[in-house]
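Laboratory data are not the source of any read-out in this text; all were calculated from the coordinates shown. If you're wondering where the values come from, they're calculated on a predicted model, not measured in any experiment. Methodologically, a virtual Cβ is constructed for each residue, glycine included, from the backbone with ideal geometry; neighbour enumeration extends over all protein chains shown.
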Number of protein chains: 2
Amino acid sequence: MSVGNTEVPVVIRADIPLPIGVDDHRACPATDVLRRVGDRWSVLVVMLLGRRSYRFNELHRAIEGISQRMLTLTLRSLERDGFVSRTVHPSVPPGVEYALTDLGHTFLVPISAVAEWAAAHDRDIDAARARYDGAAGSVNP
Amino acid sequence: MSVGNTEVPVVIRADIPLPIGVDDHRACPATDVLRRVGDRWSVLVVMLLGRRSYRFNELHRAIEGISQRMLTLTLRSLERDGFVSRTVHPSVPPGVEYALTDLGHTFLVPISAVAEWAAAHDRDIDAARARYDGAAGSVNP
DNA sequence: CCGTATCCGTGATGATACTG
DNA sequence: CAGTATCATCACGGATACGG
């Protein structure tokens, strides 16, 4: 997800029908969503919350390497876009519970397809890279 | 796609099983792929090439707003990762043909799921944003 | 036609310190 | 516990000019 962005509409000018989801006069919705969720942490957070609800520091501990700041920004962004709900439990100390909304849950379905594809073709991509880097990189010591 | 990046592995520490594609000891493959493809142009290019092969300037004309530089970088990146093939036809003037590889074609399937989800829930996201911005933004004129 | 090289703005991310 | 504020950094992406 672009955590706070200003998108510029993209227009496809091909006058031929496209495989899916891309019509000839508007921006590609897949690109929008992929940019929305293509940041470093959003998918990770969504998947964790797909399992159960979490509290803030619980997420912070669960995701190795995320900064407090980025976790906050990511959660805010997901909340803003309707993927995640934020519930404050008035207690001492205060507890804030994050959970997926219905929308967020429906998003788990297509993102799972990507995840499964990624898991299945991980090696293929690595192999392709090795081939590419090996072929082109060796000319320049 | 992160057009030229240096990724740092992400480790999930939750000791509970995750919905899909995320195991407890490695980086999330979905996140990797989403970051790989979550840039401004990659999905657009893949979808165009999913229809048929294109020449460079043909793509440049088809995608309104892309710079020559970014088209080159995007294609190089997709080629490196094995999504796209690049074929030079020795002719005058020279023609370079870009096409999806088999790997690229298989990727159309999960990405289509995202595209369809995006098309279906476009409004929901916009509505959620309007609600969020309306509720929080109005307290600060 | 198909790029590469260079410069540069902006946004994304991290580190760190501070607060209700 | 759950953030916010501030500063620094670097990758992404655009504009432009040049080269094979």
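What does the C-alpha gyration tensor say about the overall shape of the stretch B:67-141? Classify as rounded when a/c is under 1.5, otherwise prolate if a/b is larger than b/c, or oblate. Mind showing how you got there, number by number?
Details: a/c = 4.29, a/b = 2.30, b/c = 1.86.
Taking the square roots of the gyration eigenvalues as a ≥ b ≥ c, the stretch B:67-141 is prolate.
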Distance in Å, no decimals, from the C-alpha centre of the stretch B:42-71 to the one of the stretch A:52-120 is 34 Å
Ranked from fewest to most other Cβ atoms within 10 Å of their own Cβ, A:TRP117, A:TRP41 fall in the order A:TRP117, A:TRP41
Rounded to a whole number, the mean other protein chain Cβ count within 10 angstrom for residues of A:40-53 is 5
Here the whole-number average of other chain Cβ atoms within 10 Å per Cβ of A:69-80 is 1
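How many Cβ atoms of partner chains, on average, are near each residue of B:128-134 if near means within 10 Å of its Cβ?
Details: counts 9, 3, 1, 2, 6, 1, 0.
Mean shielding count: 3.
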Between A:SER67 and B:GLN68, the FRET efficiency computed from the C-beta separation at R0 = 35 Å comes out, to the nearest 0.05, as 0.45
So, with points 7 Å from each Cα along the Cβ direction, the B:THR87-A:VAL92 label distance in nm works out to 7.4 nm
A:ALA130 neighbourhood, Cβ < 15 Å, K/R = +1, D/E = -1, net charge -2
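Just want the ordering: A:PHE56, B:PHE107, A:PHE83, from fewest to most Cβ atoms lying within 10 Å of their own Cβ.
Ordered from fewest to most neighbouring Cβ atoms within 10 Å, A:PHE56, B:PHE107, A:PHE83 come out as A:PHE56, B:PHE107, A:PHE83.
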Once Lys and Arg are counted +1 and Asp and Glu -1 for all other residues with Cβ under 9 Å from that of B:ALA99, the total becomes +1
Listing B:ASP102, B:ASP81 by rising number of other beta-carbon atoms within 10 angstrom, fewest first, gives B:ASP102, B:ASP81
